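Colleague: First the structure, which I've put down as structure tokens, then a few questions once you've had a look.
A short reminder: the numbers here are calculations on the coordinates, not readings from a lab. Remember, predicted model here, so these are calculated numbers, not experimental data. Here the Cβ positions follow ideal geometry from the backbone for every residue, glycine too, while neighbour counts run over all protein chains shown.
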Amino acid sequence: MRLLRGAATLAAVAVVLLLAGPAGAIIGGTTDTANRYANVGVLQLHVDSDWFDFCSGTLVRPDVVLTAAHCTDFLVEEGPDGFGPDDLRISFDPQGDAPYSTVDHIVVHPDWFTAPPPPGASKLALAPPHEDIALVFLDTAVAGVTPAPIAGLDYLARLDLKSETFTAVGYGVDAFITGSVVSNHPVVLVDGIRSYRDVSVITEHDLYPDRFLKITQSLCFGDSGGPLFHHGTVVAINVWTFSARCSGPNFSYRVDSTAARTFLEANL
């Protein structure tokens, strides 16, 4: 299942309302108290009079954030659900506090809108044309934050993936105490603090390796759209888990793929 689909935003927001104790957001992660990943922000949705964390993203230009298509597809323009670009803001504070960046417009990979919904937690959600990538253009440049570089075409093809270490960063759910995201009464532990964890790539039984990296357990709901870094360079966007308890491996959408690079070069 997606780490957070736009259509399920309100349900996912309800899941993360229970707060308990200090902990890192990435499963098994380290809280970013030193602001090591200052260019990773949290996407917040305006619901009634409140704002809720729901996805993550990376500043890749002074006024542009790279994130997942499924985090933003329902916000490109105001739809029948009442949500639009004005209902999105982004914070680069480790705890998701002020100052906040507001949004000018959002561009989602056009192929994303042509992809049929997958049947449940199906590997079909990883097949073309599910190009899970989007750009959020901010009203003004973010002061005091250095944008992250994005991997060029076939960047990962030049690496021995079995021997490399990558870092997943995000603001998502930390752990499930009981139940899961689909249980009647899920109880979760979340603090909304930016966290990170080093991960490895799983090359056996991978799915669509030309467009996705399969990585070891780290991601959970709310980490969607956040970066997978290789020495500070964004190589993938964290998007998918097959576990409703975030207990298994995850998939990250490669930004060095032909489809992703074509989209980025056309819009950045």
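Colleague: Could you give the Stokes-Einstein D for the range 34-78 in µm² per second, using the C-alpha Kirkwood radius, 25 °C, 0.890 mPa s? Before the final figure, lay out each step's value.
Modeller: Values: Rh = 11.8 Å.
Rounded, D is 208 µm²/s.
Colleague: Would you give the gap between the C-alpha center of the range 245-261 and the C-alpha center of the range 204-232, rounded to a whole Å?
Modeller: A separation of 4 Å, based on Cα centres.
Colleague: In what sequence, highest mean first, do 102-109, 77-84 appear when ranked by Cβ atoms within 10 angstrom? Could the numbers behind the result be given before it?
Modeller: Details: 102-109: 18.6, 77-84: 12.1.
Highest to lowest by the protection proxy: 102-109, 77-84.
Colleague: Taking the C-alpha atoms of the range 193-268, how large are the radius of gyration and the largest Cα-Cα span, Dmax, in Å?
Modeller: So, for the range 193-268, Rg and Dmax equal 12.5, 37 Å respectively.
Colleague: On to the next question. If I take every Cα pair under 8 Å that is 6 or more residues apart in the range 154-259, average their sequence separation and divide by the length, what percent do I get for the relative contact order?
Modeller: Details: 236 pairs, mean separation 31.0, N = 106.
Over the range 154-259, the number comes to 29 percent.
Colleague: Report, in deg cm²/dmol and to the nearest 500, the calculated mean residue ellipticity at 222 nm for the chain, where each DSSP H run with n ≥ 4 adds -39500 (n - 2.57) and the sum is divided by the residue count. All intermediate terms of the calculation are to be shown ahead of the outcome.
Modeller: Numbers: 3 runs with 21 residues, N = 268.
Computed ellipticity for the chain at 222 nm equals -2000 deg cm²/dmol.
Colleague: Within 10 Å of each residue's Cβ, count the other Cβ atoms and sort Tyr208, Tyr196, Tyr253 from fewest upward. Intermediate results must be reported in sequence, preceding the final value.
Modeller: Numbers: Tyr208 16, Tyr196 23, Tyr253 26.
With the fewest neighbours first, Tyr208, Tyr196, Tyr253 line up as Tyr208, Tyr196, Tyr253.
Colleague: What length, rounded to one decimal in nm, is gained on full extension from Thr102 through to Val145, with 0.36 nm per residue of separation minus their alpha-carbon distance? Working shown, then result.
Modeller: Numbers: separation 43, 0.36 × 43 = 15.48 nm, distance 1.56 nm.
Between Thr102 and Val145, full extension yields an extra 13.9 nm.
Colleague: Over the chain, one equal point on each Cα, no solvent: what is log10 I(q)/I(0) by the Debye formula at q = 0.11 Å⁻¹?
Modeller: -0.52
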